[in-house]
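Structure first, then comments.
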Amino acid sequence: MNLDLDTLQALARVLTEHDISEFEHEADGVRVRIVRGARVVAAGPAIAAAAAAPASTAPPASSADPPDGVVDVTSPFVGTFYRSPSPDAPSFVDVGSVVRPGQTLCIIEAMKLMNEIEAECSGTVVEVFAQNGKAVEFGQKLYRIKKA
């Protein structure tokens with residue numbers, strides 16, 4: 001299996017066009033894993049590490065400051081956003097939930113690790129930007145909290 005940058009970029013385009021979020025293939029001792037919006041991992045003999053263009057369709061984080069009295073909670077890294085600790089459990093918070101500093105807002109799974117994202121201030125959740133089970137980018141808005 002011979003991979004070059006053009007082949008990896010073409011593969012990333014196909015995955016984007018067909019809304020495939022993760023792809024893994026192994027042949028001839030070479031393993032390739034692509035996670036949309038995260039990274040390309042290539043390992044094996046005769047493979048030079050090459051980065052493909054990001055294939056995420058997630059909206060970029062806005063550079064505009066939030067209005068006075070509100071705080072936007074953003075993702076500290078690339079990963080998968082989960083609103084609850086398990087699929088059958090209720091969400092950590094919803095619009096209208098009152099939160100306090102240190103309270104868990106969500107989980108972001110990154111590199112097979114579950115990372116709890118906590119509130120940094122007291123207030124009320126006024127908006128949820130991310131979608132449960134979907135990929136989020138570094139700096140992407142997750143929640144908007146009106147300070148108490």
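Each reported figure results from applying straightforward, stated rules to the coordinates on display, with no laboratory input. If you're wondering where the values come from, they're calculated on a predicted model, not measured in any experiment. Neighbour counts run over all protein chains shown; Cβ positions are idealised from the backbone, glycine included.
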Between Val71 and Ala148, the two model label points (7 Å from Cα along the beta-carbon direction) sit apart by a distance in nm of 1.2
Within the range 102-136: backbone nitrogen closer than 15 Å to the Asp94 label point (7 Å, Cα to C-beta): 125-128, 132
Using the Karplus curve 6.51 cos²θ - 1.76 cosθ + 1.60 with θ = phi - 60°, what ³J(HN,Hα) values do you get for each residue of the range 139-147, in whole Hz, with x for Gly and Pro? x, 5, 5, 10, 9, 10, 10, 8, 4
Mind ordering 111-118, 127-134 by average Cβ neighbours within 10 Å, highest first? 127-134, 111-118
Give the long-range amide H neighbours of Phe92: residues separated by 5 or more places, or on another chain, with amide H under 5 Å away, using H modelled in the peptide plane at 1.01 Å from N. Ser84
Pull up all non-local amide H partners of Leu142: gap of 5 or more, or a different chain, and H-to-H distance under 5 Å with H placed in the peptide plane. Val73, Thr74, Ser75
Kindly write out, for the range 84-100 in residue order, the coupling ³J(HN,Hα) from the Karplus curve 6.51 cos²θ - 1.76 cosθ + 1.60 (θ = phi - 60°), rounded to whole Hz, with x marking Gly and Pro. 9, x, 8, x, 9, 8, x, 4, 4, 9, 10, 4, x, 5, 8, 10, 10
Around Glu118, which amide H atoms from residues at least 5 apart in sequence, or from another chain, sit under 5 Å from its own amide H, with H modelled in the peptide plane? Leu105
Ser86/Thr124 FRET efficiency (R0 25 Å; Cβ-Cβ; nearest 0.05): 0.50
